[in-house]
Amino acid sequence: MPKRTIGELEKAEEKYSALVEKRDKLNSDAAEIRKVRDMLNDQKKKLFDEVLSIKKLKDEKASEMRSHKQKRNELNARAKELIQLKRQLYRSAPDNDIYREIERLNREFEYLERRQQTEALTIQEENEVIQKMRNNLSERTRLMSISSKGEEIAGKLTDINSQIDSIFMEARREHEAVTSLYAEVQALGEQMSVKLNEASILVSESNRKHKEYIEKKEEADRCHAEAMEMRSFILERRKERREKAIEGRKAIHEQNLNVRKTLFDEKASEEEADRQLQELLKRGKISLR
């Protein structure tokens, strides 16, 4: 096993601490960036909700405007039809000469009637007057029929004119509603445009913050991976140191045991020699004089 120095281990521990500190700082920075990003996303969502609300109101106003516009166009089309009918009636109506002719025939008939009643006429003259009166009545009847038709047409024209006026009045109200609603739709569209521009800025800023967050997290993950690798190295080196310490203590222990055993064996030998010597002395075999 290669020999490792304590200095190398201390350096590794310092590097590990620095990596852990850097990782925690990066994670803390990432958390702050994420907080800002989430706040921007909340603002963005709120803006989009406002845009959808404005769009809903705008669509409702636009639909209402189209309804008034359609009604206005229908009224104008109806008025146009009535104006066309009015022109046709004017073309079929009798002119003023008919009424003047009727007045002339009335005066002529009165003259003929007075002449018949006041003048002494011959039979031939009276027959002539009577024939003229008959012709007068026939012509007046014909012209009166035409005049009656004219009066009927005049009544129809009066009714048509009244309808046209009423239709134009209603069409004007519908047009005013269209104009008012158009202004509201335009204003709501401008509000939507402003809100969408604000949302676009928030989207861009949120995306930038998200990118920063991802970069910080990736860097923190790299630091974490390096720190874990350094931690494994430190644990391995510490294990080696423990194993060396255990081996050293074991060697010292064994050496102590051997020394103790040697000392014990020497003491036992001395004690055995003393015992044998005492035995000999008791038996008188040896004299110490």
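Once fully extended, how much extra length lies between LYS250 and GLU74, figured as 0.36 nm per residue of separation less the alpha-carbon to alpha-carbon distance? Please report the intermediate quantities before stating the final value.
Numbers: separation 176, 0.36 × 176 = 63.36 nm, distance 11.16 nm.
Result for the pair: 52.2 nm of gain on full extension.
Rounded to the nearest 20 Debye, what is the dipole magnitude of region 107-229 about its Cα centre when Lys and Arg each give +1 and Asp and Glu each give -1 at the C-beta?
Working: 18 positive and 26 negative charges, 105 e Å.
Computed about the Cα centre, the dipole is about 500 debye.
Taking 0.36 nm per residue of sequence separation and subtracting the Cα-Cα distance, how much length would be gained by fully extending the chain between SER145 and GLU10, in nm to one decimal? Before the final figure, lay out each step's value.
Working: separation 135, 0.36 × 135 = 48.60 nm, distance 13.08 nm.
Extending this stretch completely gives an extra 35.5 nm.
Using a cut-off of 13 Å between beta-carbons, work out the net charge of the residues near GLU125 (Lys and Arg +1, Asp and Glu -1, GLU125 not included). Please list the in-between numbers first.
Values: positive: ARG115, LYS132; negative: GLU119, GLU126, GLU128.
Counting the neighbours of GLU125, the net charge comes to -1.
Run the simple label-point estimate for LYS25 and SER67 please: 7 Å along Cα→C-beta, distance reported in nm.
6.6 nm
LEU157 to GLU236: extension gain in nm, 0.36 nm per residue of separation minus the Cα-Cα distance?
Details: separation 79, 0.36 × 79 = 28.44 nm, distance 11.32 nm.
Gain on extension, LEU157 to GLU236, equals 17.1 nm.
Please compute the modelled spin-label separation between ALA183 and GLU215, points set 7 Å along Cα→Cβ, answer in nm with one decimal.
Output for this residue pair reads 5.1 nm.
In Å and on Cα atoms, what radius of gyration and Dmax does region 22-214 show?
Over region 22-214's Cα set, Rg and Dmax evaluate to 41.3, 146 Å.
All of the numbers you see were taken from the coordinates with simple rules; none came from a lab. Since this is a predicted model, take the numbers as computed values, not measurements. Counting neighbours? That spans all protein chains shown, and the Cβs are built from the backbone with ideal geometry, glycine included.
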